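Asker: I'd like to ask some things about the structure below.
We did not get these values from a lab; they are worked out from the coordinates using the rules stated. Every value quoted in this text rests on a predicted model; they were computed, and no experiment measured them. Methodologically, a virtual Cβ is constructed for each residue, glycine included, from the backbone with ideal geometry; neighbour enumeration extends over all protein chains shown.
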Amino acid sequence: MPDSASQPEQAEERHKLTALEGLAALSLDALSSVAYGPQAIIIVLATAGLAALHHYTLPVTLAIVVLLTVLVISYRQVIEAFPTGGGAYAVAKAHLGVQPSLIAAASLVVDYVLNAAVGVSAGVEAMTSAYPGLYPDRVVICLAVLAFITAANLWGVAESARLFILPTILFIAGIFVVIIAGLLRTHPLPFPQGSVSSVPATVGILLLLRAFASGCSALTGVEAIANAVPEFREPRARRAQHTEMGLGIILGLMLIGIAIVAQKFNAEPSATTTTLAQLTYGAIGHNFLFYAIQLITFVLLALAANTSFGGLPVLASLLATDNFLPHVFFLQAARQVHRYGVVVLAVLAAALLVVSSGDTQALIPLFAIGVFVGFTLSQAGMVKHWRLQRSSGWVGRAIINGVGAAFTTAALVIELVSKFTEGAWLVVIVVPALVMLFSRIHTIYARMGAALQIGHVPEAPQRRSALVVVPVAGMSKLVREGISAALSLGDEVIAVTICYDDTEDHAADQRLHDQWVQWNPGVRLVTLHTDQRSLGPPMVAYLREISDTNRRDELVVLIPEVQAFRPWRRLLHNQRGFVLEQAIQRGVPDAVICRLRYRLDLIASGSGS
């Protein structure tokens with residue numbers, strides 16, 4: 001029978017991912033990329049005519065699959081070497097230094113945000129293509145889809161993954177149906193063609209490299225599993241490795257299958273019909289299955305944003321642990337959710353969707369560049385890892401990572417050069433800006449740690465005397481609770497009320513003084529007169545005055561206030577506590593401010609909280 005200590009651990013494990021759930025939660029980006037990766041290759045090769053499409057689509061795809069194989073093997077090794085997650089950031093931090101690790105982290109943050117926005121906009125774009133009447137509302141639809149994915153992830157990573165298992169399986173099945181039907185069909189059914197020239201053109205190495213780099217957009221998301229290893233159930237590393245291998249096999253087979261069918265069908269780029277839609281039409285015809293595959297493609301493209309929600313919050317928590325992001329990103333809510341990372345990702349992705357008006361093509365030039373920076377740094381870091389470790393077979397592993405680093409560096413350079421004027425220059429600005437932000441946050445935390453002497457044994461504590469000032473507005477049980485707390489905190493207590501210079505307020509002030517004398521709490525009541533309807537200035541002026549003559553070690557301002565039963569009921573309160581706190585913080589920085597909140601039911605029963 002399990003002991004009570006193990007029960008919380010078991011409950012926590014239930015909110016972690018299995019291998020199948022990990023495939024659904026963290027691989028949608030990579031799997032759904034078959035809807036636009038092969039098309040990107042075809043669009044580039046089409047500039048050289050039909051002959052280039054027919055002869056080079058499959059070889060370029062095979063080169064990408066070779067790189068995919070290298071990356072999958074590498075990231076399986078990353079998972080084994082860094083089971084705490086972090087992927088490229090963790091590898092670079094351990095073997096390349098702080099600055100390369102921050103560059104990797106910044107690049108991944110950019111890519112995760114872009115992936116969330118691109119996934120949602122591409123999915124909605126597929127839907128508005130089928131139903132043009134929805135096009136004017138595309139931004140609203142994008143935000144609604146993003147809100148659904150955010151809510152699912154705030155519910156829980158494992159819980160959201162279970163929602164995506166069925167769509168993922170249906171999408172994979174649909175793609176393989178298209179591939180198998182296309183391979184078996186002797187003559188494809190007719191579908192709309194583009195306007196690719198049939199005149200042969202010279203196919204140079206630069207064109208092939210550009211096609212290769214564009215097709216590498218199908219590799220985005222391969223790193224997400226290595227970044228989110230802590231989200232898996234025990235044994236975490238083994239489950240993550242199985243998931244990475246499963247992703248590599250499925251994605252590789254789909255890319256090769258689509259390339260073969262596209263080459264067989266002589267698929268051409270079209271302004272109105274996606275390559276995947278053309279192949280589906282040519283393989284199975286214009287029937288219910290065609291619409292079903294298009295629908296599930298839309299769903300997967302939209303849900304591909306979930307890969308970012310699985311990876312970025314974990315990366316942000318690691319950065320927060322290392323003092324490069326605010327520590328709130330390290331906190332987990334119920335169901336093991338890094339909710340601050342989820343919410344910030346959603347807000348940034350929503351901003352991109354609004355700025356781009358939900359246009360996928362406006363975001364595509366920025367897409368995939370960041371992840372290739374991470375790929376390159378991760379591969380280079382793993383080469384050094386094997387050199388230092390020198391375990392059995394380390395030379396072969398280092399060669400694999402070295403080849404991968406060379407491939408991803410080449411793809412990165414080509415991506416930057418070919419897309420620079422289309423918007424890729426923004427990445428060159430944003431990544432260094434994020435690195436500077438991380439460094440600035442780290443410097444602030446270092447100064448705070450030095451000032452607080454965190455980690456050092458402090459001197460013996462000293463008892464200090466305190467003068468406690470309690471602002472009051474009228475007689476009530478809340479005042480009693482505040483005075484009682486003040487008497488327990490300080491050696492001397494002064495109650496302070498503010499009287500505005502008009503007849504009605506003077507009458508109320510006189511009633512308060514009469515009741516105070518009748519109550520006789522043993523605490524002096526001081527009235528501050530002012531001709532302005534403002535709480536802050538008279539209170540600050542009084543505190544400065546007594547601060548100069550105070551013989552006590554501490555000046556404490558204790559502000560009793562009511563705690564609302566419901567969050568929305570906070571709007572019903574007068575916010576005196578907030579107003580006074582802000583004014584005192586600015587005007588009397590040496591004063592210690594205590595805002596004591598009391599629940600109404602506890603005050604009614606006669607006890608404070």
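Asker: Between beta-carbons, use under 12 Å as the cut-off and find the net charge around Ala283, counting Lys and Arg +1, Asp and Glu -1.
Answerer: +2
Asker: Now for a separate question. Per DSSP H run of n ≥ 4, the term is -39500 (n - 2.57); total these for the chain, divide by its residue number, and report the mean residue ellipticity at 222 nm rounded to 500 deg cm²/dmol.
Answerer: Rounded to the nearest 500, the figure is -21500 deg cm²/dmol.
Asker: Determine ³J(HN,Hα), in whole Hz, for all residues of region 65-78 in sequence, where each value follows from phi through the Karplus function 6.51 cos²θ - 1.76 cosθ + 1.60 and θ = phi - 60°; x replaces Gly and Pro.
Answerer: 5, 4, 5, 4, 4, 4, 5, 4, 4, 5, 6, 5, 5, 4
Asker: Please list the non-local residues whose amide H lies under 5 Å from the amide H of Ile494, H modeled 1.01 Å from N, same-chain partners needing a gap of 5 or more.
Answerer: Here the answer is Val468, Val469, Val470, since their amide H atoms fall under 5 Å of that of Ile494.
Asker: Considering all projection directions equally, how large on average is the shadow of the alpha-carbon convex hull of region 466-605, in square nanometres?
Answerer: Average of the hull's projected areas for region 466-605 equals 8.8 nm².
Asker: Which one, Ala302, Val371, Ala398, is farthest towards the positive end of the dipole of the chain when Lys and Arg carry +1 and Asp and Glu -1 on their Cβ?
Answerer: Ala398
Asker: Then there is this: What list do you get for Thr280, Thr128 if you sort them by fewest beta carbons within 10 Å?
Answerer: Thr128, Thr280
Asker: Expressed as a fraction of 2.2 N^0.38 Å, the rule-of-thumb size for a compact globular protein of N residues, what is the C-alpha radius of gyration of the chain?
Answerer: 1.25
Asker: May I pose another question? What share of the DSSP beta bridges in the chain is antiparallel, in percent to the nearest 5?
Answerer: 5 percent
Asker: To continue, here is another question. Between Tyr598 and residues 5 or more places away or on another chain, which pairs have amide H atoms under 5 Å apart, with H built 1.01 Å from N, and which residues are they?
Answerer: Long-range HN contacts for Tyr598: Glu561, Val562, Gln563.
Asker: OK, next. Once the piece of chain linking Tyr291 and Glu554 is laid out straight, how much longer is it, given 0.36 nm per residue of separation minus the C-alpha distance between them?
Answerer: 87.3 nm is the gain from fully extending Tyr291 to Glu554.
Asker: Lys/Arg Cβ at +1, Asp/Glu Cβ at -1, dipole of the chain taken about the Cα centre: which of Leu143, Thr360, Leu71 is farthest positive-ward?
Answerer: Positive-most Cα among the choices belongs to Leu71.
Asker: Still on this structure, I have one more. Taking amide hydrogens as modeled 1.01 Å from N in the peptide plane, which residues meet the under 5 Å criterion relative to Gly49, leaving out close sequence neighbours?
Answerer: Amide H neighbours of Gly49, under 5 Å, 5+ apart: Ser197.
Asker: Could you give the size of the charge dipole of region 424-546 about its Cα centre, using +1 on the Cβ of each K and R and -1 on the Cβ of each D and E, expressed in debye and rounded to the nearest 20?
Answerer: With only Lys, Arg, Asp and Glu charged at Cβ, the dipole is about 700 debye.
Asker: From the Cα gyration tensor of region 390-455, with a ≥ b ≥ c the square roots of its eigenvalues, which class applies: rounded if a/c is under 1.5, or else prolate if a/b is larger than b/c, or else oblate?
Answerer: Cα axes put region 390-455 in the oblate bin.
Asker: Given Cβ point charges of +1 (Lys, Arg) and -1 (Asp, Glu) and nothing else, what value in debye, to the nearest 20, does the dipole of the chain about its Cα centre take?
Answerer: So the dipole magnitude of the chain works out to roughly 1220 debye.
Asker: Would you order Glu231, Glu554, Glu545, Glu21 from fewest to most other beta-carbon atoms within 10 Å of each residue's own beta-carbon?
Answerer: In increasing order of surrounding Cβ atoms, one gets Glu545, Glu554, Glu21, Glu231.
Asker: Related question: Tell me, what HN-Hα J-couplings in whole Hz come from the Karplus equation 6.51 cos²θ - 1.76 cosθ + 1.60 at θ = phi - 60° for each residue of region 409-421, using x for Gly and Pro?
Answerer: Taking θ as phi minus 60°, the curve returns 5, 4, 4, 5, 4, 5, 4, 5, 5, 6, 10, 4, 6 Hz for region 409-421.
Asker: Hey, another quick one. With a sphere of radius 13 Å drawn around the Cβ of Val468, what net charge do the other residues whose Cβ falls strictly inside it have (Lys, Arg +1; Asp, Glu -1)?
Answerer: -1
Asker: Quick one: order Glu234, Glu481 by neighbouring beta-carbon count within 10 Å, fewest to most.
Answerer: Glu234, Glu481
Asker: Using θ = phi - 60° and the Karplus relation 6.51 cos²θ - 1.76 cosθ + 1.60, list the HN-Hα couplings for region 351-358 in order, rounded to whole Hz, with x at every Gly or Pro.
Answerer: These are the phi-based 3J(HN,Hα) values: 4, 4, 5, 5, 4, 7, 6, x Hz.
Asker: Dipole size in debye (nearest 20) for region 466-605 around its Cα centre, Lys and Arg Cβ +1, Asp and Glu Cβ -1?
Answerer: Here region 466-605 has a charge dipole of around 680 debye.
Asker: A further question follows. Can you find, among Ala46, Leu134, Ala122, the residue farthest towards the positive end of the dipole of region 12-171? Put +1 on the C-beta of Lys and Arg, -1 on that of Asp and Glu.
Answerer: Ala46
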